[in-house]
Amino acid sequence: MSDSRLVRVLLPVIGLVLLILLWHFYVVAFDVAPAVLPKPALVLDATLANWRLIVSEGWITLLESLYGFVLAFVLGVPLAVAIAGSRTLNLMFYPLLIATQSLPKVALAPLILVWLGTGIESKLAIAWLVAFFPIVVDTATGLRNTPAEFLDLATAVRANALQTFWKIRFPAALPFVISGSKVAITLAVIGAVIGEFIGSNEGLGNLLLVANSQVNIPLAFACLIGLAVIGIGLYAAVVAVELALKPWFGTTAH
């Protein structure tokens, strides 16, 4: 491992250790009650004591988040292509996308639960709704910012519209697609938890509510750790896809 990569690995670990130490000394110095803010050791004990429960409930939240993101990607990329390629569709749908994004998802969640019930479908829908916007916006932006010299080259070799899209426009837009996906995958986790908060009998969001209602704050923090692990894991998966696709990126990669 090179020095730069070693530093990139070590610095977050050092930052986490410092944060935990600060947390511990704050609780000890001000004698904070465990029902308000438990010591890191209590959170660790709760995590180890309930790890099977956290893993089983976390798996449900993971699937809801992943399914919601995949649905957002599958529907969002074609819509972005349509918006980027048609001024009429852009004027027709882009304001609606902005309006939808501006609506508080917590306010929409109860309606979605009424429409779809308390099963995984409603959580998937909320996760999709939250993750949809960044994928559409970033993909459309990438398609609109194809380098002019690439398009001139396509015209010179008489490439048709489909060839220009697959060989030039989409590869040049890939960095933007990945950038939007990084934002969307973390938002999908938030969307799934919102759905679990509003109405669910399973998932880490529901377990977090149960822990809070029982004033079991160490377990609540353990649930938050589980959600953080899910978010980091999904983000890392998108980064892995980014590394695999880098040979196909256009010169606009950033």
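The values are calculated or read from the model by the stated rules, or taken from the named source; none is laboratory data. Just so it is clear, the structure is predicted and the values come from calculations on it, not from any experiment. As a convention, Cβ positions derive from the backbone with ideal geometry for all residues, glycine included, and neighbour counts pool all protein chains shown.
Which one is modelled with the highest pLDDT among residues in the range 1-50 that are over 18 Å from Phe221 (Cβ atoms) and of a type in the set (D, E, K, R)? Ranking the qualifying residues of the range 1-50, first place goes to Asp31. Number of residues in the range 157-178 that are small (Gly, Ala, Ser) and either without any contact (Cβ under 8 Å) to a residue 60 or more places away in the chain or more than 21 Å from Pro134 (Cα to Cα) (or both) equals 2. Filtering Ile112, Ile126, Ile168 for residues that are modelled with pLDDT of 90 or more, assigned to a helix (DSSP H, G or I) and aliphatic (A, V, I, L, M) leaves a single hit, Ile126.
Looking at Ile135, is it touching a Ser or Thr at 6+ places or on another chain (Cβ under 7 Å), within 17 Å of Val189 (Cβ to Cβ), in the same structural domain as Leu71 (by TED's automatic domain parsing) and not acidic (Asp, Glu)? In short, yes.
Take the conditions closer than 29 Å to Asp45 by Cβ and touching a Ser or Thr at 6+ places or on another chain (Cβ under 8 Å) and apply them to Glu202. Does it pass? Judged against the criteria, Glu202 is not a match. Taking the criterion of being crowded, with 24+ Cβ neighbours inside 10 Å and farther than 19 Å from Ala236 by Cα, the residues of the range 173-197 that qualify are Ala173, Val193, Gly195, Glu196. Can you find a residue in the range 217-236 that is among the β-branched types (Val, Ile, Thr) and outside any helix (DSSP H, G or I)? Among the residues of the range 217-236, not one is among the β-branched types (Val, Ile, Thr) and outside any helix (DSSP H, G or I), which makes the answer no. Mind counting the residues in the range 15-26 that are within 24 Å of the chain's Cα centre (by Cα) and either surrounded by 14 or more Cβ atoms within 10 Å (Cβ to Cβ) or farther than 23 Å from Val189 by Cβ (or both)? Matching residues across the range 15-26 total 0.
Looking only at residues in the range 27-59 that are assigned to a helix (DSSP H, G or I) and in contact with a Leu (Cβ under 8 Å, 6 or more places away or on another chain), the one that is surrounded by the fewest Cβ atoms within 10 Å (Cβ to Cβ) is Leu53. In the set Ala154, Ala222, only one residue is within 25 Å of Val43 (Cβ to Cβ), more than 16 Å from the chain's Cα centre (by Cα) and surrounded by 18 or more Cβ atoms within 10 Å (Cβ to Cβ); that residue is Ala222.
Taken as a whole, the structure leaves Thr164 outside the set of residues that are surrounded by fewer than 17 Cβ atoms within 10 Å (Cβ to Cβ), over 22 Å from Ile60 (Cα atoms), polar (S, T, N, Q) and over 17 Å from the mean Cα position of the chain (by Cα). Please go through (1) within 30 Å of Leu63 (Cα to Cα); (2) among the aliphatic types (A, V, I, L, M); (3) assigned to a loop (DSSP other than H, G, I, E, B) for Ile178 and return the number of the only condition it doesn't satisfy. That leaves (3) as the condition not met.
Let's see how each residue does on (1) within 21 Å of the chain's Cα centre (by Cα); (2) surrounded by fewer than 18 Cβ atoms within 10 Å (Cβ to Cβ):
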| site | (1), (2) |
| --- | --- |
| Ala82 | no, yes |
| Met92 | no, yes |
| Pro104 | yes, yes |
| Ala107 | yes, yes |
| Leu111 | no, yes |
| Leu124 | yes, no |
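Listed by first and then second residue, the pairs with beta-carbon distance under 6 Å, at least 6 apart or on different chains, first residue in the range 199-218 and at pLDDT below 95, second aromatic (Phe, Trp, Tyr), are Gly205/Phe197.
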